[in-house]
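The next block holds one structure in the form of structure tokens; read it before the comments.
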Amino acid sequence: MQNIPAMFGIIVSGRPVQTDFVLTTPTQFVKTIPDADSISHIVVFLTGVQPFPDGMAGLVYFCCPDGNVKLLGHLSNEKPSVVFKVSNFKRHEQMSNEFTFGQQQVPNVAQIGISMEPILNVQQQSALVVNETVESMNLFGQKMLENFLNFISSYTVTQAQMTPNATETYVPLSTLQTWYTNFQRRLQQNPYFWRY
């Protein structure tokens, strides 16, 4: 393994810039990050020393201390920097292990790997990451709504069972069910609608 010119750099939140990636194969680069449990976000970027060769880009991977590997996204000459949130990758999660860095894992040490590949392959792999994120958001929204509706439903009473109370406000369950249906429809149309 050899050090290469500083083509790539990373910034781990709260730490200085690091550019000392190691070349492990002719197209794979790795940077070891100590004290991985304290990592929240990582910025990965092209330093400007050298662009990707024509038709090439880089898939960016995060290797957890337990050796599990997660594809984060990609870098390219058109997308020279990106911020990744990695604090949600727990050691016990089941992650894909398609990319190996060729180094032994040490407890509490993570790695960032960059695999230089044809841009078409990079775009296809990155699209899978985006789709996985959207599906996760949809599933979370659906499960949250179901939980809310189930919780509220457990307190339902008929009008005959109601004890009049001047300090209470009542909402018909049908109103919540309509809201649930509308929210679910909007989430399927645009998983990010709630941001606006």
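Scanning segment 25-71 for residues that are among the acidic types (Asp, Glu) and in a loop (DSSP other than H, G, I, E, B), which turns out modelled with the highest pLDDT? This residue is 54.
Given the criteria under 21 Å from residue 47 (Cα atoms) and either of a type in the set (Val, Ile, Thr) or at pLDDT 75 or above (or both), does residue 85 qualify? Give the steps one after another, and end with the answer.
Numbers: under 21 Å from residue 47 (Cα atoms): yes; either of a type in the set (Val, Ile, Thr) or at pLDDT 75 or above (or both): yes.
Here the answer is yes, as residue 85 does meet what is asked.
Taking the stated definitions as given, is residue 177 modelled with pLDDT of 80 or more and surrounded by 11 or more Cβ atoms within 10 Å (Cβ to Cβ)? Yes, satisfied. Does segment 11-26 contain any residue that is under 23 Å from residue 108 (Cα atoms), surrounded by fewer than 17 Cβ atoms within 10 Å (Cβ to Cβ) and in contact with a Leu (Cβ under 7 Å, 6 or more places away or on another chain)? Within segment 11-26, none of the residues are under 23 Å from residue 108 (Cα atoms), surrounded by fewer than 17 Cβ atoms within 10 Å (Cβ to Cβ) and in contact with a Leu (Cβ under 7 Å, 6 or more places away or on another chain).
The values are calculated or read from the model by the stated rules, or taken from the named source; none is laboratory data. For clarity, every value in this text was computed on a predicted model and none was experimentally measured. A quick note on method: Cβ atoms are made from the backbone with ideal geometry, for glycine too, and the neighbour counts reach across all protein chains shown.
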